[in-house]
Amino acid sequence: MKKAVWVWALWLMLTTFAWARDLPDFTGLVEKYGPTVVNITSTQLVKSGGQGQAMSEQDMLEFFRRFMPPGSLPDGAMPPPQNQVPSEVPVRSSGSGFIISSDGYILTNAHVVDGADEVTVKLTDRREFRAKVIGSDDSSDVALIKINATNLPTVVIGKPDQIKVGEWVIAIGSPFGFENSVTAGIVSATGRALPSDNYVPFIQTDAAVNPGNSGGPLFNMKGEVIGINSQILSRSGGYMGLSFAIPIDVAMQVADQLKTQGKVSRGRLGVVIQEVNAGNAEAFGLPKPAGALISGVEKGGPADKAGVQVGDVILKFNGKTINRSFDLPRLVAATKPGSKAEMEVWRNRAPKNISVIVGALPDKKTASGKPAKTASIPNKVGLVLADIGTAQRHALGVSHGVLVEESQGAAASAGIQPGDVILAVSNVPVKSVAQFDKLLTEAAASKRVALLVKRGPDTVYIPLRMP
């Protein structure tokens, strides 16, 4: 009996040793490339004491305890006393980044530095530098910043198209402000589409990524950066097993444009698309569900000029197959505006080749990397409105109306929300923002006007009290 126990114990020990020997060792990779990862602190001056009311010391302490990472307040600093209302309070947030050139260029996420009045970069050797934001791009969530330094260690750029699901990866960053933290996992999916992102085929991993990891690198076992850790899927605000990284080739293309142009140019077709499901595939005579189904074409847009029609299914763009509808925006966006592209479309149960001159997607940002200011300001009822183009009307299912971008004051009190479409003012159809403003002026003597509003699938009248 004792001999059997000893044999079993020896077998278990040898098996455990063999299993442990097969596990990856990340120590050499971290030692070599860890110094290329930086901690980024963004400081934004925020007006305090809303509506002239100061927060109590207890409230301020609770705010910083709950929402700010460790080290957000300077050593020894305390929130302002109850009876003092400073005009501005510095609010700090922490993120990560990595060095891509020895002369100080650093990649990070756009949301790490957006709106920052000051950006500070800390290296692993504890040197600190004030950084300049070269530019940032909301659509890809990529930003390029620079510090005044030389002979810096740099990462090695990998090839995301060679990534295999199941391979080991590590993330390095500053989760919750804890600098140079390392976590490991595997690639759990590639080319992942997220509802809020049209231009990024995300790498999905199960490496633990938390607030503060944003902008940090995702390394493969060769020590190459294959992505920028950008998002997590969470119901609690913390890591739940799903992390998403921007492929490094996408990020480097954005960085190159930010460096040379200060902004990112993207192509556009001027179409509204939807997924091809099994039912649509059968109805259109497609051999299988694939491609991007055109449900709207912008009048006078690039696709319209090329002869694209509602009901067409785009199967290929510049020779690349469109398996899912979200493949198309990425390919079009990566195409230089003004260039000619070849498309294969499915029309009348047969393939057809169409040439199109790709248009330019309107800029979301100015060259400085700051958000472009809207030309509109709230009108007298508190609404910021936008005219609706042909393609957008198709997508919203309306023939006319104006889109609510912001709602405050009397409009917000009445229940009007951003995203609503105002179809009529007192039963007069609205076709433009200018007409809406004119109708409000004409109704100035009225106590209330009735706005016909479309919200999702529903249409409802909302009474609005005139100021």
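The values are calculated or read from the model by the stated rules, or taken from the named source; none is laboratory data. All values derive from a computational prediction rather than experimental measurement. Heads up, the Cβs are rebuilt from the backbone with ideal geometry, glycines too, and the neighbour counts pull from every protein chain shown. Just the protein is used for accessible areas: all its heavy atoms, side chains included, with ligands, DNA and RNA removed. Shrake-Rupley method; radii C 1.70, N 1.55, O 1.52, S 1.80 Å.
Quick notes on this structure:
- Complete set of residues in the range 264-289 that are under 16 Å from the mean Cα position of the chain (by Cα) and of a type outside the set (A, V, I, L, M): R266
- Meets criteria (open to solvent by less than 50 Å² (accessible area, probe 1.4 Å), at pLDDT below 90 and closer than 30 Å to K352 by Cβ) for L286: yes
- You will find that of G158, G223, the residue that is on the phi > 0 side of the Ramachandran plot and either at pLDDT below 95 or of a type outside the set (S, T, Y) (or both) is G223 and no other.
- Enumeration of residues in the range 315-332 that are in a helix (DSSP H, G or I) and under 14 Å from A303 (Cα atoms): L328, P329, V332
- Filtering the range 118-148 to residues that are surrounded by 15 or more Cβ atoms within 10 Å (Cβ to Cβ) and either farther than 17 Å from G215 by Cα or basic (K, R) (or both) leaves K122, F129, K146.
- From the list T390, T374, the lone residue that is modelled with pLDDT under 85, of a type in the set (S, T, N, Q) and over 24 Å from the mean Cα position of the chain (by Cα) is T390.
Here's the yes/no breakdown for (1) over 21 Å from the mean Cα position of the chain (by Cα); (2) closer than 29 Å to L361 by Cα; (3) in a loop (DSSP other than H, G, I, E, B):
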residue: G115; (1), (2), (3): no, yes, yes
residue: T120; (1), (2), (3): yes, no, no
residue: K132; (1), (2), (3): yes, yes, no
residue: S140; (1), (2), (3): no, yes, yes
residue: P153; (1), (2), (3): yes, no, yes
residue: E179; (1), (2), (3): yes, no, yes
residue: I186; (1), (2), (3): yes, no, no
residue: G191; (1), (2), (3): no, yes, no
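- Among the residues of the range 296-314, the one identified as without any contact (Cβ under 8 Å) to a residue 40 or more places away in the chain and part of a strand (DSSP E or B) is V313.
- Considering residues of the range 403-421 that are within 16 Å of G389 (Cβ to Cβ) and at pLDDT 85 or above only, the residue surrounded by the most Cβ atoms within 10 Å (Cβ to Cβ): V421
- Looking across A207, A255, one residue alone is assigned to a loop (DSSP other than H, G, I, E, B) and crowded, with 22+ Cβ neighbours inside 10 Å. It is A207.
- Residues (open to solvent by 20 Å² or more (accessible area, probe 1.4 Å) and touching a helix residue (DSSP H, G or I) at 6+ places or on another chain (Cβ under 8 Å)) located in the range 161-182: D161, N180, S181, V182
- Residue within the range 30-42 that is open to solvent by 40 Å² or more (accessible area, probe 1.4 Å), modelled with pLDDT of 90 or more and basic (K, R) present: yes
- Scanning the range 422-467 for residues that are at positive phi and surrounded by 13 or more Cβ atoms within 10 Å (Cβ to Cβ) yields one hit, S426.
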